1. Looking only at residues in the range 57-67 that are β-branched (Val, Ile, Thr) and without any contact (Cβ under 8 Å) to a residue 60 or more places away in the chain, which one is most open to solvent (accessible area, probe 1.4 Å)?
2. Any idea how many residues of the range 1-18 are modelled with pLDDT of 95 or more and open to solvent by less than 40 Å² (accessible area, probe 1.4 Å)?
3. Kindly indicate whether any position in the range 36-44 is within 13 Å of the chain's Cα centre (by Cα) and outside any loop (DSSP other than H, G, I, E, B).
4. In the range 35-56, what count of residues is obtained for those that are in contact with a Leu (Cβ under 9 Å, 6 or more places away or on another chain), hydroxyl-bearing (Ser, Thr, Tyr) and open to solvent by 20 Å² or more (accessible area, probe 1.4 Å)?
5. Do the conditions hold for PHE102, that is, is it of a type in the set (Phe, Trp, Tyr), in a helix (DSSP H, G or I) and modelled with pLDDT of 95 or more?
6. Does ALA113 meet the test of being more than 19 Å from VAL154 (Cβ to Cβ) and either of a type in the set (A, V, I, L, M) or at pLDDT 95 or above (or both)?
7. I need a count of the residues in the range 126-175 that are over 25 Å from ALA50 (Cα atoms), of a type in the set (A, V, I, L, M, F, W, C) and open to solvent by less than 50 Å² (accessible area, probe 1.4 Å).
8. If you go through the range 33-65 one residue at a time, how many are more than 17 Å from ALA200 (Cβ to Cβ) and small (Gly, Ala, Ser)?
Amino acid sequence: MSIRFESLSFRYSVGESAALQDVTVEIEPGAVTLVTGRLGAGCSTLLLVAAGLAPRITGGNREGTVTTLGCDPESKEGRSELAGRLGLLLSTPWTQLSGMSFTVREEVAFGPANLGWKRDRIADAVDKAMVLMQVEGLARRDPRTLSGGELQRVMLAGVAAMDPEVFLLDEPTIELDPAGARLVYDLLPELARDRTVVIASTDVDRAVEV
């Protein structure tokens with residue numbers, strides 16, 4: 001088991017109704033798991049809870065049990081244990097920019113560098129991730145000048161460069177054209193071969209194919 005929610009409920013500080021109510025489910029590695037629903041159904045919140053960002057960063061109140069790779073992702077010990085093992089892509093990729101990188105290559109390297117990897121390992125991981133997401137041609141661009149679709153692929157490359165055990169991808173193709181979306185969806189089963197991949201998406205027609 002990779003992720004387990006047991007009797008999970010979550011309510012933001014602002015809002016009358018619960019974002020999540022009494023959710024119990026186990027998510028296993030080796031498959032792409034789709035979380036979908038109407039706007040406001042709580043799909044993004046579920047990923048944020050699994051990553052330990054809700055309520056620690058978002059505020060709000062969590063009830064029930066959450067276990068990610070054997071840890072409570074909200075606890076200090078859990079956050080330490082999950083560092084580098086969990087990759088989260090938000091639906092708003094511009095909010096994930098480090099703000100410390102002057103080129104796309106530096107941005108993709110930011111996560112591995114933060115994990116304290118050696119220089120050679122970082123370079124190899126960045127090369128592979130950029131080829132995987134077909135963004136090697138953007139290597140010297142300033143990430144702040146990219147289009148939404150380009151930036152989304154760059155941020156996904158940054159997640160992939162850390163080689164996490166769990167991918168949590170929130171609307172990973174929302175900024176992409178059809179060709180870019182197909183690239184991502186074709187990639188997901190390969191990522192999930194020995195990892196856990198969870199996508200929150202309203203693009204059900206494409207998502208169900210994988």
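1. As a first pass, look at the range 57-67 and keep what is β-branched (Val, Ile, Thr): 57-58, 65-67.
From what's left, without any contact (Cβ under 8 Å) to a residue 60 or more places away in the chain: 57-58.
Numbers: ILE57: 112, THR58: 59 Å².
Checking each candidate, the answer is ILE57.
2. Residues in the range 1-18 being modelled with pLDDT of 95 or more and open to solvent by less than 40 Å² (accessible area, probe 1.4 Å): 5 in total.
3. Within the range 36-44, the first condition is being within 13 Å of the chain's Cα centre (by Cα), and the residues that meet it are 43-44.
Adding the requirement that they be outside any loop (DSSP other than H, G, I, E, B) leaves 43-44.
Looking for residues that are within 13 Å of the chain's Cα centre (by Cα) and outside any loop (DSSP other than H, G, I, E, B), one finds at least one in the range 36-44, hence yes.
4. 1
5. Values: of a type in the set (Phe, Trp, Tyr): yes; in a helix (DSSP H, G or I): no; modelled with pLDDT of 95 or more: yes.
No.
6. Values: more than 19 Å from VAL154 (Cβ to Cβ): no; either of a type in the set (A, V, I, L, M) or at pLDDT 95 or above (or both): yes.
Here the answer is no, as ALA113 does not meet what is asked.
7. Within the range 126-175, the first condition is being over 25 Å from ALA50 (Cα atoms), and the residues that meet it are 126-128, 130-132, 134-150.
Okay, now just the ones that are also of a type in the set (A, V, I, L, M, F, W, C), so 126, 130-132, 135, 138-139, 146.
Remaining after also requiring open to solvent by less than 50 Å² (accessible area, probe 1.4 Å): 126, 130, 135, 138-139, 146.
Looking only at that region, the number is 6.
8. 3
The values are calculated or read from the model by the stated rules, or taken from the named source; none is laboratory data. Owing to the predicted nature of the structure, the values given are computational and were not obtained by experimental measurement. Note that each Cβ is placed from the backbone with ideal geometry, even for glycine, and that neighbours are counted across all protein chains shown. Quick note on the areas: whole protein, heavy atoms, side chains included, nothing else; ligands and nucleic acids left out. Shrake-Rupley method; radii C 1.70, N 1.55, O 1.52, S 1.80 Å.
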